[in-house]
1. Please go through region 351-362 and pick out each residue that is touching a Leu at 6+ places or on another chain (Cβ under 7 Å) and either farther than 15 Å from Leu387 by Cα or within 14 Å of the ligand (Cβ to nearest atom) (or both).
2. Taking the condition of being in contact (Cβ under 8 Å) with a residue 60 or more places away in the chain and in a helix (DSSP H, G or I), how many residues in region 110-152 meet it?
3. Would region 179-198 turn up any residue that is touching a residue at least 40 places away in the same chain (Cβ under 8 Å), within 19 Å of the chain's Cα centre (by Cα), within 16 Å of the ligand (Cβ to nearest atom) and surrounded by fewer than 20 Cβ atoms within 10 Å (Cβ to Cβ)?
4. Please state which of the following conditions Leu216 fails to meet, knowing it meets all the rest: (1) among the aliphatic types (A, V, I, L, M); (2) surrounded by fewer than 16 Cβ atoms within 10 Å (Cβ to Cβ); (3) modelled with pLDDT under 95.
5. Here are some residues: Ser275, Ser208, Ser256. Which one is within 13 Å of the ligand (Cβ to nearest atom), in contact with an Asp or Glu (Cβ under 6 Å, 6 or more places away or on another chain) and either over 28 Å from Gln68 (Cα atoms) or in the same structural domain as Pro80 (by TED's automatic domain parsing) (or both)?
6. Take the residues in region 364-381 that are within 14 Å of the ligand (Cβ to nearest atom) and part of a strand (DSSP E or B), then tell me which one is modelled with the lowest pLDDT.
7. Quick one: how many residues across region 80-109 are assigned to a loop (DSSP other than H, G, I, E, B), out of contact with any His (no Cβ under 9 Å at 6 or more places or on another chain) and near the ligand (Cβ under 7 Å from one of its atoms)?
8. Tell me the residue from Ile58, Ile48 that is in contact with a Pro (Cβ under 6 Å, 6 or more places away or on another chain) and modelled with pLDDT of 65 or more, please.
Amino acid sequence: MINKKLKEYRQSTIWIDEEPEYVEGKEVIKGDSSNKISILFRNTIPEIPSTTYGTFAIYKYPAKFIPQVIAYVLKKYAKPGMKIFDPFAGYGTAGVVSRVYGYDYELWDLNPMINIIHDTAVMKNPKVNFLDLIKKIKNSQKEFTPRWTNLNFWFPEDFIPILSKAWGFAHSLTDETKYALLIPLINVTRHFSYGDEKVHKLYKSKYSRKKIEELLKKDWKSQFYKMLEKEICKLLKKVWEYNRLNPKQVNYKIRSGINALETKLEDNVNILITSPPYLQAQEYIRSTKLELFWLGYEESYIKELSKKEIPYTPVNEIKIYSNKYFEYRDKIKENHLKILYERYFHAILNTFAALGEKVTDYMCIFVGPAKIRTTSIPIDDIIIEHLKEFGWKHEVTFIDKIVSRVMFESNVNPASGEKDSRIKTEHLVVLKRGG
Ligand SMILES: C[S@@+](CC[C@H](N)C(=O)[O-])C[C@H]1O[C@@H](n2cnc3c(N)ncnc32)[C@H](O)[C@@H]1O
């Protein structure tokens, strides 16, 4: 029963992408006695003039960091020779920015998408003749079609051959051209699918059905190649822009497909900076399922990954040292939401306490003050209270105010009938070792 309710809750929540709208203000605007400082991260880094600059937004990864958050932390807290670590790295922003400032880094994520996003984003300017590349794809005899039981649900039959040809060619490449092609091809594949591109989770909508109907009426073959060409050009421009930031040769390590709950850091790191999964239903694997299939991952593996996502994966209970945690837990009436809440905190607090043992200087944790139904949960304060027990001192919390960033929209609302509301602020908690 509980599992059924959790599954319903998980499926009813749609993750929609919206351009952030920031409230008025510049840089740090005020501080108060509880060490909370308002900030607009996006305005703090002159050398990174926009959130989509360079390769910081070549792919729409859900809940991605804006590069300025990482850059701000590095400029304020890092010293030459330090190593940066993100255990929930997603897009890999922490690494892509670390290179610009010359820091070594280590990135982990359950989602294997991190490999291709990262390797594309940090590419040196590739020597690619895109007209020649498109010609080669058209003439290629190689084919790749994912073994996906739902393939025909997500793509009209007519499109499969053209997609198989392009992907067959992409999989056969072994040089830099591969990275010039993969993300553009992913973006075009999304467009030629029934998936609604405005929604992060793979989701078929009235709008996206219409999109395919319209495409089928046109000369969609030429449109496919034209769009691919445009996407490749766009990417090459972005790579060029990133290289203008003069990224350095640094040491790095990426571990994908791993569960941060069960993995240990082998070596010490200086700064952990991360944004853990959201408390509200958000599914990163489901959001990138279409990509993972075309990239060649097997259905059984994708299902396994999906089961390990926080907060859905069952976790070992730990002792929680936060009064606020219990205070807010008691406010939750519905059993399945209480379980979600408990799993979430047991998972993230345990992960931070355990990984923190190998972090020598700072832990910077970026969270949104999420709601369960109508109750705002002070995730940042709960993290601070708990980690104090492990020798971490609260340095400051930066509050990035946004009018809207993402929206959770519930079609089916299992109990309250109310809509989950928008996240209004995001908090960066900075903790210092030894206090
Ligand atoms: C808020 S996102 C991080 C986004 C990242 N800051 C960026 O710039 O793209 C949280 C990440 O946690 C990952 N995740 C969820 N459960 C996990 C687990 N058990 N182990 C490791 N990573 C997990 C998700 O795949 C997702 O990429």
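The values are calculated or read from the model by the stated rules, or taken from the named source; none is laboratory data. Nothing here was measured: the structure is a model prediction, and the numbers come from that model. Ideal geometry is used to build each Cβ from the backbone, glycine not excepted, and the neighbour counts take in all protein chains shown.
1. The answer is Thr351, Phe352, Leu355.
2. Keep residues of region 110-152 that are in contact (Cβ under 8 Å) with a residue 60 or more places away in the chain, which gives 110-126, 128, 130-131, 133-134, 137-138, 144, 146-149, 151.
Now narrow it down to the ones that are in a helix (DSSP H, G or I): 113-121, 130-131, 133-134, 137-138, 151.
Going through region 110-152 one residue at a time, the tally reaches 16.
3. Checked against the condition, which is being touching a residue at least 40 places away in the same chain (Cβ under 8 Å), within 19 Å of the chain's Cα centre (by Cα), within 16 Å of the ligand (Cβ to nearest atom) and surrounded by fewer than 20 Cβ atoms within 10 Å (Cβ to Cβ), region 179-198 yields no hits at all.
4. Among (1) among the aliphatic types (A, V, I, L, M); (2) surrounded by fewer than 16 Cβ atoms within 10 Å (Cβ to Cβ); (3) modelled with pLDDT under 95, Leu216 violates only (3).
5. On the way: Ser275 fails: in contact with an Asp or Glu (Cβ under 6 Å, 6 or more places away or on another chain); Ser208 fails: within 13 Å of the ligand (Cβ to nearest atom).
That would be Ser256, the only listed residue that is within 13 Å of the ligand (Cβ to nearest atom), in contact with an Asp or Glu (Cβ under 6 Å, 6 or more places away or on another chain) and either over 28 Å from Gln68 (Cα atoms) or in the same structural domain as Pro80 (by TED's automatic domain parsing) (or both).
6. Result: Val367.
7. Of region 80-109, the ones assigned to a loop (DSSP other than H, G, I, E, B) are 80-82, 87-92, 101-103.
Imposing the further condition that a residue be out of contact with any His (no Cβ under 9 Å at 6 or more places or on another chain) reduces the set to 80-82, 87-88, 90, 101-103.
Narrowing the set further to residues that are near the ligand (Cβ under 7 Å from one of its atoms) leaves 87-88, 90.
Counting residues in region 80-109 that are assigned to a loop (DSSP other than H, G, I, E, B), out of contact with any His (no Cβ under 9 Å at 6 or more places or on another chain) and near the ligand (Cβ under 7 Å from one of its atoms) gives 3.
8. Details: Ile58 fails: in contact with a Pro (Cβ under 6 Å, 6 or more places away or on another chain).
The conditions single out Ile48.
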